[in-house]
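Note sheet for the following structure.
The values are calculated or read from the model by the stated rules, or taken from the named source; none is laboratory data. Given the structure is predicted, the values throughout are model-derived calculations rather than measurements. For neighbour counting, all protein chains shown are included, and Cβ atoms are generated from backbone atoms with ideal geometry for every residue, glycine included. Quick note on the areas: whole protein, heavy atoms, side chains included, nothing else; ligands and nucleic acids left out. Shrake-Rupley method; radii C 1.70, N 1.55, O 1.52, S 1.80 Å.
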Amino acid sequence: MTISHAANLNLPKRVSHKLIAIAIASLLTTCKDSFSAEDEVEHTGKTTIRFPANSAEPVASTLEELASLPIVASGTPSTIKDNTLPDIAREGTLTDLDHYPTSRPSIFSDMTGSDLTWDEIQPVRILSLDGGGVRDIAEARFIKELSKQTGKSVPEMFHLVAGTSAGGILAGAYTLPEGQGDPKKSPALYSSDRVFEIIMRQTSSMFVKGWSFGGFLGPRYKSEPVDKFMNDYFGDATFDRTTTDVLVTTFDISASRPKLFKSWDTREIFYTRDVLKATSAAPTYFAPRHIYPVGTTAETHLGYTLSDGGTCANNPTLCALADARKLYPDAKHYQIVSLGTGNAPRPLHYGEMESAGLIGWGYHLIDIFMNGQSAHTDHVAATLLSPREYSRWNPVLAAKNVALDNTSDTNLRDIVQAEDDLIASRKSEFDQLAKRLAKPKADLIPVYSTKRS
């Protein structure tokens, strides 16, 4: 395949030839070590990229065509996230490109020279679910399709599920036990199909505006509708009773530090509904939550004042990996499926921000914190782990779909379509992942089992 950038490209107004040159140069610099001997990269009057070199004719004559082309490097998985070039044409700006060599080893163990196959090493399987408000429908769609292809529920596929904010709500829903017996032996109350249906139909019911003048004088949305949703779907279930281990992130604003709720930590037991209310209490959108352990009151316990986990760990992948290493200290391999709620950066330009103050910056800060932390976590995880151990799925959204609180049916359908497009663009990788997860997860014994009542 050959991709050419020529002087006669029909560029959007906000995109210059210089920007395209920077994009191509970045692509060349980052990916050069992952090309095979058959690949060819040329620097001429026209910047040309060939992968591989057996195609002579350019296949892109406009920037829009260039942005949509898949990249395939000599039979190896693409080193470009989401298997596409940057979506320059859509927004007129460069998106972050995470390039990682396909041959990098894991820092935890190198299988070089090992006679064991990937199916024989019995990795710890982890599902990580980003926060993102209504955009969590993308994650629910992915899991729905994954369960459909594997024939298994989330607890059957993963040893540990981690979630933040709306992703935390999904984590709680996927792992809620059906019966009252041993939760680890109980089927999940809600199937992946059912969770997807609930999110599609009930999301709007949680976003009921209060009298806050757009969030300037208080939270934009009332807490009572969220309370009703949590009570209806989670009842009096407690967080220590999950069908597989679960980690949910929050931020303790009274102690100014993260507080991670772990289903296996039974020193204090909380209602699942309270944990999920806390992790999804996004600043300016909802009021923070003050919760107490089960069996305590304000007279016997100070309680915890908590806000959305997205303020500290919107992408909980590293939180999950850190605790997985404690739960399974002898494990040498991991299989992490990390799901995002959509990459749709809203560019801020110097001209509009040079004189911005509290109000000017305030509207953008949540996006900055969420996107920055998620992208950084993705970079670190992808650097520490081999491609077989870490798989990141984050759809590209149009700017109109980036809002955390746009509950319209059209917006939700657009996000679902973006997730479907992502899966289709990486079908071979998705099929391979499903094939692995369809097999029984390893019967690993976490260390807490000897201490737990």
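Once the chain from ALA398 to LYS228 is taken as fully extended at 0.36 nm per residue, the excess over their C-alpha distance is 58.0 nm.
The portion of the accessible surface of region 282-435 made up by carbon and sulfur, rounded to a whole percent, is 59 (1.4 Å probe; DNA, RNA and ligands excluded). Between ARG325 and GLU299, the contour length at 0.36 nm per residue exceeds the alpha carbon distance by 5.6 nm.
Each peptide in 267-273, 440-446, 204-210 receives the mean, over its residues, of other Cβ atoms within 10 Å, and ordering these scores from highest gives 267-273, 204-210, 440-446. Using 0.36 nm per residue and subtracting the Cα-Cα separation, the extra length available between ARG257 and HIS364 on full extension is 36.3 nm. Of the peptides 251-257, 372-378, 129-135, 432-438, the order by per-residue mean of other Cβ atoms within 10 Å, starting with the highest, comes out as 129-135, 372-378, 432-438, 251-257. Based on protein heavy atoms only, region 318-453 ends up with 51 Å² per residue of surface accessible to a 1.4 Å probe. The peptide list 239-249, 400-410, put in order of mean Cβ contacts within 10 Å with the highest first, becomes 239-249, 400-410. Couplings 3J(HN,Hα) of region 299-313, computed from phi: 7, 10, 8, 6, x, 10, 9, 10, 10, 3, x, x, 6, 10, 8 Hz, in residue order, whole Hz [Karplus 6.51 cos²θ - 1.76 cosθ + 1.60, θ = phi - 60°; x for Gly and Pro].
Between the C-alpha center of region 310-381 and that of region 385-453 there is a gap of 16 Å.
3J(HN,Hα) along region 244-251: 8, 5, 9, 10, 10, 9, 9, 10 Hz, from the Karplus curve 6.51 cos²θ - 1.76 cosθ + 1.60 with θ = phi - 60°, whole Hz, x for Gly and Pro.
Please work out the Kirkwood hydrodynamic radius for region 325-439, using every pair of different C-alpha atoms, and report it in angstroms with one decimal place. Let's see the in-between values first.
On the way: mean 1/r = 0.0592 Å⁻¹.
Mean inverse Cα-Cα distance, inverted, gives 16.9 Å.
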